[in-house]
Amino acid sequence: MKLHCLMVLFLACMPMEIIASEFPGGDCDSPASDQDLRHCDFSAAKFHGIDLSRSLLDGVKMQNADFSNARLVGASLRKADLKWADFSGANLSGADLRKADLFHTNLDDGILDDADLREANMFGTDINRVRARRARFDAAYMKDVLMEESDLSGAVFDQAFMLRAVLIGSRFDGAKLRQVTLTGAALEDTSFSGADLGGALLNGAQCAGAIFSEANLQDSRFVNARLRGADFTGALAAPAHLLDMLSTR
């Protein structure tokens, strides 16, 4: 038992490059889970429903590929090129997508619980009806992202750029959106209950029916936002300009 514990500790301290060398090299024509596939080019590949869980796909080209309904639980896709790819219905729980290129990638109806998308390029990404609880989107570039009717409870969006994002009907309960840019965003019927929006920019945002109950709004900006029917019950540190807007609506 002691030997087993020491081995686990030793592996945990090893650099990723050394651990990765222990993964078997996968066949690019018939890829599978728990393989090192970093040498592959999956551009325009057709892998509907495939299981690549825990595989290494860092930097792999996957442009225009079909990975719909695929299973990539715990897979590593750092800096992977997923432009225009179809990952609709895919399970990417716990996947590492840091700095990946998801330009106009389709992630609709997928699962991204605990996934890491920090600094990812998500310009125009479709991510509707997803479940991405506790996922990380820190500093992601998410201009014009479509994220309707999704569950982002407990997710982190600190410093994400979400200009004109469409988040209608989504849940950000308990999420962290500190210094996030939501200028011109569509936030109708979106819930930010208990979320941290400290320093967030919501200038010109459409907030009709949105819920900000018990949310932290310190230093946030709502200039020219549409607030009809929005709920700010118990909101914390609401800025003076917002209080003036609420008093005259």
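Give me a count of the residues in region 55-73 that are crowded, with 17+ Cβ neighbours inside 10 Å and in a loop (DSSP other than H, G, I, E, B).
13
If you scan region 27-54, which residues turn out to be in contact with a strand residue (DSSP E or B) (Cβ under 6 Å, 6 or more places away or on another chain), crowded, with 16+ Cβ neighbours inside 10 Å and of a type in the set (Gly, Ala, Ser)?
Across region 27-54, the qualifying residues are Ser33, Ser53.
From the list Ile111, Ile168, which residue is within 23 Å of Gly59 (Cα to Cα), touching a strand residue (DSSP E or B) at 6+ places or on another chain (Cβ under 6 Å) and surrounded by fewer than 24 Cβ atoms within 10 Å (Cβ to Cβ)?
Testing whether each residue is within 23 Å of Gly59 (Cα to Cα), touching a strand residue (DSSP E or B) at 6+ places or on another chain (Cβ under 6 Å) and surrounded by fewer than 24 Cβ atoms within 10 Å (Cβ to Cβ) leaves just Ile111.
Restricting to region 220-249, count the residues that are acidic (Asp, Glu) and assigned to a strand (DSSP E or B).
The qualifying residues number 1.
For Thr125, work out the one condition from (1) within 16 Å of Asp66 (Cα to Cα); (2) surrounded by fewer than 20 Cβ atoms within 10 Å (Cβ to Cβ) it doesn't fulfil.
(2)
Which of the following residues is in contact (Cβ under 8 Å) with a residue 12 or more places away in the chain, in the same structural domain as Asp41 (by TED's automatic domain parsing) and surrounded by 22 or more Cβ atoms within 10 Å (Cβ to Cβ): Ala90, Ala132?
Only one candidate qualifies: Ala90.
Kindly list the number of the only condition in (1) farther than 24 Å from Leu117 by Cα; (2) buried (at least 17 other Cβ atoms within 10 Å of the Cβ); (3) within 23 Å of the chain's Cα centre (by Cα) that fails for Gly199.
Every condition holds for Gly199 apart from (1).
The values are calculated or read from the model by the stated rules, or taken from the named source; none is laboratory data. Nothing here was measured: the structure is a model prediction, and the numbers come from that model. Cβ sites come from the backbone with ideal geometry, for glycine too, and all protein chains shown count toward neighbours.
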